[in-house]
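Novice: I am attaching a structure below and will ask some questions about it afterwards.
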Amino acid sequence: MSEENTVKTGKEILDTFFQSILSIEGVDSEIANALLELYNEGKFTEINIANRIRKIRETNAN
Amino acid sequence: MPIKIKNLTISGIRGIQTSINIPLNEKSMLIYGENGSGKSSITDAIEWLYKDDVSHLSNAEINLKEALRNSHIDKATNSEVSIAYNQNLTLSRKLFYQKEKLISELSNSSQKQKEYVSASKKENLLIRYYLLRDFISKTKSGKLEALSDIIGFSEVTKTKEILKKTFNSVKNEIKSQNFENQISIQKETLISKIGAAVSQEKNLIEKINEVINPLNLGIVAATIKDIDMILEQISKQSVNKELLSLQNFLETTKENLVSLKNDRNLIDREYKEFYAKFNKIAADTQSIMQTYLAELLKAGNLVIEKKYHKDNTCPLCLQQKDLTKLTAEINQRLEEIKASSQIKNTFDNAKELVAKISSERIKRIESMLNNPILLKHDNTDIKQALENLKTKFKNYYETTEKKVIAGDKLPDSNELLITDNDFKIHTEILKRLESINNTIKNNKATEIYSNISASKEAFLKIKRFENEKAKLENQKKSLELIYNEFTKQQREGLESFINNFSAKINEFYQYMNPGELFQEIQIVPMGEEDELKGITIEYKYNDGWVSPPQKYFSEGHLNCFGIAFFLASVIAFNKENKFIVLDNVISSFDTLHRKRFADLLFEKFTDYQIILLTHETEWFDYVSQIAKKRNWLIDNIKWSETKGTYLDEKPSDLEEFIEKELADGRVETLGNSIEDDI
């Protein structure tokens, strides 16, 4: 039997999602980029995200 | 190209005393061996090669390495399993003595080998009889965890929780800032200073030009930057700067007090939410304490599972307890803990909001208290009032440090309420301002300077608040969209997995049990749309849905489901390897189901390399007839005192084969062999 493996693993679901995060309609590209970067760097934690998005607000304010 | 086995060599492991070599050359193999012949030595060796562990040898009563090593070999001889694959890849694991200690290690493992082993560990390569009901016996959340582990879904759940918490944190930030209140106060200032709550820069400039008209400065403002230049011009006239400074301080303090006065409703409302959630948990601390016990309970399960504790007593209190029942109770408690964890999450969110609102107000008051003008004797009352308000907000903050589990109590909201009395100083400030304003009215330049300066500050503050609010709202919106999209993709991924997986399980099950009453077997996710809590198994029986399967399934049916589940897992998740080992899996099946299972393998798994081990002679005979036609290798495994476990040597010709079969008392297959040969 030559069945195609169509089931995505958790890692594949995450990879696919983050690959498409920049194209989600209505999403601020800076936020999307920040999340993508943290995911790619293996630093996707609540604290890291909170710090990064606060920085975005502060940078824009300046 | 999928990986298959070319050659398997095992020496000094379990029953294998010397060495067995199986030149599979990517072919499937059927191995017969009586009970005790050491068939499972092959399965054990393969499991050990990949996992450095053997599940049935991994408990407190057994030293894995000693159990793995054949007891007849001398210390200088290594125990070893080595597999050569079709992809120019060889994997070997050795077990050897080093300073009286048994060491297990992969031999000469390159990066490629390490990556292959790591990927293969997650695959479903072998199944044994006693593992068949492993999944079905788990709790609903246990099933979810088991599947999540197989497909790495726990990482997805973790990521989703992080996204949700981030969204909630930004949402709480917006709420805690109470921007509407702050903007409204500044608008009031604009109205009182220039008679209009202007929102556009050009309207502000128009108003300011109107205000400066009586001073005949000979200049007009064109942009907001020009306002400082105008203020400088006015200050050249007789402006009372000291009075203006005091007025500015009192105006700012007044605004902050109004803001804090409005915020007391916000903190009171959020505190009541927190208080209710706190007391709900306090009324049932047991369930929340359970969340802290989760790890202990899981450890307890492990202790029983690994047989670190084997008496029919509780491993902790040592009271009489049936271990099977105890395991079921622990699993039930772990299920309840899941629900409690969700209550705790909403409680944590309410607590975080009270902490954020109160700490933000404390920060603002501290900033006011840092103003050196408060050191002046005239402002002592204001300083005290501010310190009192700081204490009041601190009281709220301190409630968030209470430990509900430790039996701490929260004060009733009335005890913390910030009352009008706490803002008495506001009236005093208004009186002082009225007096200052009356004085200022007598000095046109000072009055105009004050109005322009205050309105400019108010306008800029409004813009800053609007800007901050817009940024936070924008981030909140983005995070919400991201979270929703993530949930959608997670759900789709899970649905695809479940549909695909269910269909395969049902297909294989129905193949083995044609025409039976159990139909449409499926695995079903449980929980809210974005909060998966567990997985259950259901099937149609007499036109009604039945769950769990144990309700009507016999032992044979349950094991049949286990095989169907394993085979579906192989198709769904094995990406590296195209071989599987099935060790004695049909023991509880009747003759018909055994044959159906063999047919299933030959029909649906033709492109897999299968190593099939059995001690059932009748089934072996049935399978070997088909296996021969499919070019499988077939062999007998035997055991003797002198040789240990060994593979029967292949007969070189028909005559030798017939002699051997007769010697082994296996006459029923001879007819076919002779016919085939003829």
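Novice: Sort through B:Ser192, B:Ser154 and tell me the only one that's at pLDDT 90 or above and of a type in the set (Ser, Thr, Tyr). Reasoning before the result, please.
Specialist: Numbers: B:Ser154 fails: at pLDDT 90 or above.
Result of the check over B:Ser192, B:Ser154: B:Ser192.
Novice: So, one more: Which condition breaks for B:Gly562 when tested against (1) farther than 16 Å from B:Gln510 by Cβ; (2) touching a Lys or Arg at 6+ places or on another chain (Cβ under 6 Å)?
Specialist: (1)
Novice: On to the next question. Can you tell me which residue among B:Leu147, B:Leu126, B:Leu163 is under 30 Å from B:Ser502 (Cα atoms) and at pLDDT below 85? First the steps, then the outcome.
Specialist: Details: B:Leu126 fails: at pLDDT below 85; B:Leu163 fails: at pLDDT below 85.
Result of the check over B:Leu147, B:Leu126, B:Leu163: B:Leu147.
Novice: Within the range B:254-265, can one find any residue that is among the β-branched types (Val, Ile, Thr) and in a helix (DSSP H, G or I)?
Specialist: Within the range B:254-265, one or more residues are among the β-branched types (Val, Ile, Thr) and in a helix (DSSP H, G or I).
Novice: Let me ask you something else. If you check every pair at least six apart or on different chains, which have Cβ atoms under 8 Å apart with a residue in the range A:9-29 that is over 30 Å from B:Ala119 (Cβ atoms) and surrounded by 15 or more Cβ atoms within 10 Å (Cβ to Cβ) first and a residue that is of a type in the set (Val, Ile, Thr) and at pLDDT 95 or above second?
Specialist: Matching pairs, first to second residue: A:Ile24/B:Ile482; A:Val27/A:Ile21; A:Val27/B:Ile482.
Novice: Please work out which residue is nearest to B:Asn256 (Cα to Cα), limiting yourself to the range B:177-234 and to residues that are assigned to a helix (DSSP H, G or I) and among the small types (Gly, Ala, Ser).
Specialist: Among those that are assigned to a helix (DSSP H, G or I) and among the small types (Gly, Ala, Ser), it is B:Ser184.
Novice: Looking only at residues in the range B:349-374 that are surrounded by 13 or more Cβ atoms within 10 Å (Cβ to Cβ) and of a type in the set (Asp, Glu), which one is farthest from B:Asn172 (Cα to Cα)?
Specialist: Out of the qualifying residues, it is B:Glu360.
Novice: Something else now. Against the definition (crowded, with 18+ Cβ neighbours inside 10 Å and out of contact with any strand residue (DSSP E or B) (no Cβ under 6 Å at 6 or more places or on another chain)), how does B:Tyr97 come out, yes or no? Steps first, answer last, please.
Specialist: Details: crowded, with 18+ Cβ neighbours inside 10 Å: no; out of contact with any strand residue (DSSP E or B) (no Cβ under 6 Å at 6 or more places or on another chain): yes.
No: the conditions fail for B:Tyr97.
Novice: Restricting attention to the range B:201-227, and to residues there that are touching a helix residue (DSSP H, G or I) at 6+ places or on another chain (Cβ under 6 Å) and without any contact (Cβ under 8 Å) to a residue 24 or more places away in the chain, which single residue is surrounded by the fewest Cβ atoms within 10 Å (Cβ to Cβ)?
Specialist: If we take residues in the range B:201-227 being touching a helix residue (DSSP H, G or I) at 6+ places or on another chain (Cβ under 6 Å) and without any contact (Cβ under 8 Å) to a residue 24 or more places away in the chain, then B:Val220 is surrounded by the fewest Cβ atoms within 10 Å (Cβ to Cβ).
Table: residues versus (1) facing chain B (nearest Cβ under 8 Å); (2) modelled with pLDDT of 95 or more.
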position	(1), (2)
A:Glu4	no, no
A:Val7	yes, no
A:Val27	yes, yes
A:Asn33	no, yes
A:Glu37	no, yes
A:Gly42	no, no
A:Ile49	yes, yes
A:Asn60	yes, no
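Novice: Here's a follow-up. Please find, within the range B:475-491, the residue that is surrounded by the most Cβ atoms within 10 Å (Cβ to Cβ) out of those that are over 16 Å from B:Asn168 (Cα atoms) and more than 7 Å from every other protein chain (Cβ to nearest Cβ).
Specialist: Among those that are over 16 Å from B:Asn168 (Cα atoms) and more than 7 Å from every other protein chain (Cβ to nearest Cβ), it is B:Arg491.
Novice: Can you tell me which of (1) within 26 Å of B:Ile20 (Cβ to Cβ); (2) surrounded by fewer than 18 Cβ atoms within 10 Å (Cβ to Cβ) is the one B:Phe566 doesn't meet?
Specialist: The one condition B:Phe566 does not meet is (2).
Novice: In the range B:617-634, what residues are surrounded by fewer than 17 Cβ atoms within 10 Å (Cβ to Cβ) and under 16 Å from B:Ile22 (Cα atoms)?
Specialist: B:Asn631
Novice: While we're here: Specify the residue that is nearest to B:Lys488 (Cα to Cα); the eligible residues are those in the range A:9-25 that are modelled with pLDDT under 90 and within 7 Å of another protein chain (Cβ to nearest Cβ).
Specialist: Applying the filter and picking the extreme gives A:Ile13.
Novice: Next question. Just the residues that are hydrophobic (A, V, I, L, M, F, W, C) and in a helix (DSSP H, G or I), please, taken from the range B:85-129.
Specialist: B:Val117, B:Ala119
Novice: Considering each residue of the range B:606-631, count those that are within 22 Å of B:Asp44 (Cα to Cα) and among the hydrophobic types (A, V, I, L, M, F, W, C), and give that number.
Specialist: Count: 5.
Novice: Checking B:Gly300 against (1) under 56 Å from the mean Cα position of the chain (by Cα); (2) among the small types (Gly, Ala, Ser); (3) assigned by TED's automatic domain parsing to the domain that holds B:Ser453, which single condition isn't satisfied?
Specialist: (3)
To keep it simple, each residue is scored yes or no on (1) of a type in the set (S, T, N, Q); (2) over 19 Å from B:Ser120 (Cα atoms).
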{"position": "B:Val581", "(1), (2)": "no, no"}
{"position": "B:Asn584", "(1), (2)": "yes, yes"}
{"position": "B:Lys595", "(1), (2)": "no, yes"}
{"position": "B:Asp599", "(1), (2)": "no, yes"}
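Novice: Starting from residues that are of a type in the set (Ser, Thr, Tyr) and not in a helix (DSSP H, G or I), keep the ones in the range B:366-422 and report whichever is nearest to B:Gln247 (Cα to Cα).
Specialist: Out of the qualifying residues, it is B:Thr419.
Novice: Residues that are closer than 27 Å to B:Glu618 by Cα and in contact (Cβ under 8 Å) with a residue 12 or more places away in the chain: find the strands (runs of 3 or more DSSP E) completely inside the range B:1-74 holding 2 or more of those.
Specialist: Filter on the range B:1-74 gives B:16-22, B:29-33.
Novice: Can you tell me which residue is modelled with the highest pLDDT among those in the range B:375-409 that are among the hydroxyl-bearing types (Ser, Thr, Tyr) and surrounded by fewer than 17 Cβ atoms within 10 Å (Cβ to Cβ)? Walk me through it before giving the result.
Specialist: Pass one, the range B:375-409, residues among the hydroxyl-bearing types (Ser, Thr, Tyr): B:380, B:391, B:396-397, B:399-400.
Those left that are additionally surrounded by fewer than 17 Cβ atoms within 10 Å (Cβ to Cβ): B:380, B:391.
Numbers: B:Thr380: 94, B:Thr391: 97.
Selected residue: B:Thr391.
Novice: Report yes if some residue within the range B:492-501 is free of Cβ contacts under 8 Å to residues at least 60 places away in the same chain, in contact with an Asp or Glu (Cβ under 9 Å, 6 or more places away or on another chain), surrounded by fewer than 21 Cβ atoms within 10 Å (Cβ to Cβ) and more than 10 Å from chain A (Cβ to nearest Cβ); otherwise report no. Don't jump to the end; show me each part of the working.
Specialist: Quick first cut of the range B:492-501, residues free of Cβ contacts under 8 Å to residues at least 60 places away in the same chain only: B:492, B:495-496, B:498-499.
From the residues that got through so far, the ones that are in contact with an Asp or Glu (Cβ under 9 Å, 6 or more places away or on another chain) too are none.
The answer is no; no qualifying residue exists.
Okay, residues lined up against (1) under 29 Å from B:Asn70 (Cβ atoms); (2) among the aliphatic types (A, V, I, L, M); (3) modelled with pLDDT under 90:
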{"site": "B:Thr614", "(1), (2), (3)": "yes, no, no"}
{"site": "B:Gln625", "(1), (2), (3)": "no, no, no"}
{"site": "B:Thr642", "(1), (2), (3)": "yes, no, yes"}
{"site": "B:Lys660", "(1), (2), (3)": "yes, no, yes"}
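Novice: Going residue by residue through the range B:28-43, is there one that turns out to be out of contact with any strand residue (DSSP E or B) (no Cβ under 6 Å at 6 or more places or on another chain) and aromatic (Phe, Trp, Tyr)?
Specialist: No, there is no match, as no residue in the range B:28-43 is out of contact with any strand residue (DSSP E or B) (no Cβ under 6 Å at 6 or more places or on another chain) and aromatic (Phe, Trp, Tyr).
Novice: Another question, if that's okay. Across the range B:463-473, what is the total count of residues that are facing chain A (nearest Cβ under 9 Å) and either surrounded by fewer than 18 Cβ atoms within 10 Å (Cβ to Cβ) or touching a residue at least 24 places away in the same chain (Cβ under 8 Å) (or both)?
Specialist: Result for the range B:463-473: 4.
The values are calculated or read from the model by the stated rules, or taken from the named source; none is laboratory data. Not measured: the values here are computed from a predicted model. With ideal geometry, Cβ positions are generated from the backbone for all residues, glycine too; neighbour counts draw on all protein chains shown.
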